[in-house]
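The values are calculated or read from the model by the stated rules, or taken from the named source; none is laboratory data. As the structure is a prediction and not an experimental result, all values here were calculated from the model. Because the Cβ atoms are built from the backbone with ideal geometry, glycine has one as well, and the counts that use them run over all protein chains shown.
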Amino acid sequence: MGGTEEKYVKEAFDSNWVAPLGPNVNQFEIVISESLSTSIKYHTAALTSGTAVLHLALRILNVTAGDVVMVQSFTFCGTTNLVSYQDAEIVFIDSEPETWNICSEALAQAMSDYKGKKVKAIMPVHLYGMPAKMDQIQAIADQYQVPVIEDAAEALGSSLNGQSCGTFGLMSALSFNGNKIITTSGGGALVSKNKEYIDNARFLATQARDEAPHYQHSQIGYNYRMSNIVAGIGRGQMEVLDDRVAHRRENNQRYREFFKDIKGITFQTEPSSNYFSNYWLTAILIDPMLTGGISREDVRLALDAEYIESRPLWKPMHMQPVYKGSKFYGSGVCEKLFEQGLCLPSGSNLTDNEFDRIFEVLSRIFKKSS
Ligand SMILES: *Cc1c(COP(=O)(O)O)cnc(C)c1O
């Protein structure tokens with residue numbers, strides 16, 4: 001926490017605004033919108049989770065059974081579950097090796113093969129904060145006139161060509177889950193330039209209640225609105241977002257410095273100065289052919305033995321038991337990323353002491369003397 005969260009939460013208690021609406025929710029939405037752009041007006045709806053946000057985005061696009069959604073395979077289930085909630089078919093798309101995000105070549109092939117079918121959305125993800133190649137993806141989306149739903153759950157504070165992640169989609173999703181760069185303990189936000197979508201999201205997120213003095217419903221809604229308590233945490237967290245991004249980027253730099261003379265380690269890296277990653281997590285690939293046989297698991301287990309947690313990268317969704325037999329377009333880039341990839345300890349509160357402990361283990365395993 002940054003320090004001012006409790007003040008906003010206390011305001012909610014003091015004014016008895018303990019409900020899934022209230023001044024903190026309104027203000028949190030305004031602050032998010034303003035942080036995304038100072039020149040363009042974005043509208044924001046604060047909801048209970050990033051998953052709920054993406055679910056509503058698909059619901060607003062009327063994605064249903066018989067429809068197809070093209071999704072980056074290399075992601076967390078929070079990108080895909082909601083496509084399944086809507087009973088739509090998922091076509092999984094590979095990653096490209098630079099950003100590790102959706103591959104436009106594989107996407108173009110899939111879109112061409114699915115011409116004439118009801119493709120309702122394309123869902124790129126900015127994994128670990130790294131902006132996906134949005135211009136290439138948008139060009140394909142425009143060619144087929146299919147909307148982009150942007151999963152920016154991990155990328156608040158990242159940007160591409162000076163444009164904030166979370167503003168590229170027809171609708172975009174942010175997450176404030178406990179593990180994200182800033183958190184409300186749990187929560188998310190839907191962002192769009194189009195106010196109608198956001199109004200509709202607010203309507204659907206509060207049980208789709210029609211305007212009437214009694215309770216009347218002509219659509220099925222959801223209970224997805226963020227609470228005024230949680231939004232108080234969010235207001236405080238937005239004040240430290242820049243600081244958190246700076247910390248994560250500093251962590252990333254320390255790992256780069258450590259690994260710079262070690263063969264067989266590659267970092268997820270901004271392809272050019274047009275890319276700005278929040279480096280939410282520092283992720284590396286470990287190629288045993290070049291490290292003298294040291295594998296991702298060797299490193300993970302060595303850290304684990306010292307009670308230091310690191311994790312394999314996301315297991316591609318097309319490889320998950322639950323999506324067995326689903327369509328996948330690509331050449332297996334994300335499969336290799338999963339095999340060799342490791343997320344290193346990346347918290348914003350890592351201390352020098354903790355870094356020493358991490359580097360001690362890594363030095364031992366990579367036989368580095370200094
Ligand atoms: C965290 C996350 C989500 C879902 O967000 P929740 O708030 O946890 O529901 C979706 N996509 C990605 C890529 C995520 O990392």
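Among the residues of the range 296-314, those that are surrounded by fewer than 18 Cβ atoms within 10 Å (Cβ to Cβ) and either among the aliphatic types (A, V, I, L, M) or under 19 Å from residue 127 (Cα atoms) (or both) comprise 301, 302, 305, 308, 311, 312. Within the range 199-225, residues that are under 14 Å from residue 189 (Cα atoms) reach partners that are among the charged types (D, E, K, R) and at pLDDT 95 or above with beta carbons closer than 6 Å, at six or more positions or on different chains, in the pairs 205/225. The residues on offer are 193, 180, and the sole one that is in contact (Cβ under 8 Å) with a residue 24 or more places away in the chain and more than 16 Å from the ligand (Cβ to nearest atom) is 193.
Report yes if some residue within the range 24-42 is more than 16 Å from the chain's Cα centre (by Cα), among the hydroxyl-bearing types (Ser, Thr, Tyr), within 16 Å of the ligand (Cβ to nearest atom) and within 16 Å of residue 168 (Cα to Cα); otherwise report no.
Let us first name the residues in the range 24-42 that are more than 16 Å from the chain's Cα centre (by Cα), namely 24-31, 33-35, 37-42.
Of the ones still in play, those that are also among the hydroxyl-bearing types (Ser, Thr, Tyr) are 33, 35, 37-39, 42.
The next check asks that each one be within 16 Å of the ligand (Cβ to nearest atom); those that pass are none.
For the range 24-42, residues more than 16 Å from the chain's Cα centre (by Cα), among the hydroxyl-bearing types (Ser, Thr, Tyr), within 16 Å of the ligand (Cβ to nearest atom) and within 16 Å of residue 168 (Cα to Cα): absent.
Apart from one condition, residue 190 fits all of (1) touching a helix residue (DSSP H, G or I) at 6+ places or on another chain (Cβ under 9 Å); (2) assigned to a loop (DSSP other than H, G, I, E, B); (3) surrounded by 15 or more Cβ atoms within 10 Å (Cβ to Cβ); (4) of a type in the set (A, V, I, L, M); the exception is (2).
Which one is surrounded by the fewest Cβ atoms within 10 Å (Cβ to Cβ), of the residues in the range 131-161 that are within 16 Å of the ligand (Cβ to nearest atom) and over 14 Å from residue 174 (Cα atoms)? By that ranking, first place goes to 148.
If you take the residues in the range 120-132 that are of a type in the set (A, V, I, L, M, F, W, C) and out of contact with any Phe, Trp or Tyr (no Cβ under 7 Å at 6 or more places or on another chain), which one is farthest from residue 161 (Cα to Cα)? Top of the filtered list is 121. Can you say whether residue 62 is outside any strand (DSSP E or B) and more than 10 Å from the ligand (Cβ to nearest atom), as far as the supplied structure shows? Yes, satisfied.
Among the residues making up the range 65-82, those that are in contact (Cβ under 8 Å) with a residue 24 or more places away in the chain, in a loop (DSSP other than H, G, I, E, B) and more than 14 Å from the ligand (Cβ to nearest atom) are 66, 67.
Among residues of the range 302-316 that are farther than 13 Å from residue 76 by Cβ, those with a Cβ under 7 angstrom from a residue that is of a type in the set (D, E, K, R), sequence gap 6+ or separate chain, pair up as 306/357; 308/357; 310/300.
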